Every structure is written in C-alpha cells, then in structure tokens.
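Contents: one structure, followed by commentary.
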Amino acid sequence: MPTEDRRQAKVRLAEIDTTESGQPYGNRARQALSDLAFGQSVRVVVQDTDRYGRTVGRVHAGDREVNTAMVREGAARVYRQYNRDPSLLALEAEARAARRGLWALPGAGRTPPWEWRKMARTGGQPAGGAEPAPPPVPPQAPPRSTSAKGGFACGTKTYCREMTSCAEARFHLSLCGPTRLDGVPCESLCR
C-alpha cells in the first residue's frame, strides 16, 4: 500500500487472520481483500508494529472497515490471540453459521492459518486432528449450564489442567464463554 508520499508500506490487518496462499480458500481470501480495498485510498488506524516491521491496524476503505468486512464475508478468521473487539467474534459466528466463505469448506479445509503456519514450521498435524475446534461463542452470548451430551457444566474452569477430556475442553470453549483456554483447545487433551 503506498503512503501519501508514494512509499510502499506493508500493513497487517489487526485482529484477523486469513488463510495462507497454499491453503484452501487462500486465493479467494486474497481476492476478497482486493475487492474491498484495491485501487482505493485507505485510512489505517494504527494499533501497533509487528516483529516484522509491518504496521498493524484497522483499514478503512471509504465507509467500509475492511477488517470487519473480511470476517463478515467469511474471508478471514478472528485472530483470538490478538483480538480486542468482541463484535468480531459475533460476526465470525454468523459467517460460520451461514457457511459463508471459508466456512463452506469441508472440515479438513478449515484449518486455522496459525495452525497451518505452525505445521509448516514443525511438520506436524493440526491440534485435535484435521478438524479444528469450533470457535468460541462470543462472550456476550448467554452461557449454557450443561451439555446435552457428556453432562459437562459451565463453571470456573479456565485451564486445560482442570479438564478431564478433549470433549470437556471443547465444550467449555464453544459454550461457556471463554475466548481461550491455555491452548485452543487444550492440545495435550486432544491428541
């Protein structure tokens, strides 16, 4: 993206992550971003600079906030580790429920990009097998007290060491409101 003085600047979209170019939906995610911002003057609300020297921020193209639009269209996931905006989680849940964008892919094609990058570095498999855990329900969603299967109850558990199984960890992540446990979702339990 060129700056006002025509210098090239790399901008990382804050709080979201898109599929890598080698992943299923990677090229379509890139095209979705292009459709939203290419050839337009954009405004970047800078939040940070990452370890690679890229500006990290929320991008505005006209009256559209690009980061939010990418999640709404199913072209990006909420990057939970860096997310500060709870409304993004609700938009992601809506896109997932409507099977928009990457959420229309079969389970094995929906590996989160952060897991994909980790697998590329380590040569391993995604945590919990090919199907990643469903993203958590936004914090404003009312927690349910028990699960129809498994009999788990929402309570104060927030660490994997407190869980007895992968199913319990996934129950807490998807129904009880936390945005993360000390692993998403407790990789050591889900092997």
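The values are calculated or read from the model by the stated rules, or taken from the named source; none is laboratory data. These numbers come from a predicted model, not from an experiment. All Cβ positions, even for glycine, are placed from backbone atoms using ideal geometry, and neighbour counts span all protein chains on display. SASA here: full protein model, heavy atoms, side chains in, ligands and nucleic acids out. Shrake-Rupley method; radii C 1.70, N 1.55, O 1.52, S 1.80 Å.
A few comments on the model shown:
- Restricting the range 5-18 to residues that are assigned to a loop (DSSP other than H, G, I, E, B) and among the basic types (Lys, Arg), the residue that is nearest to Arg54 (Cα to Cα) is Lys10.
- Considering the range 19-132, the qualifying helices (runs of 4 or more DSSP H), each wholly inside and each with 3 or more residues that are touching a residue at least 24 places away in the same chain (Cβ under 8 Å), more than 27 Å from Cys166 (Cα to Cα) and open to solvent by less than 20 Å² (accessible area, probe 1.4 Å), run over 26-37, 66-72.
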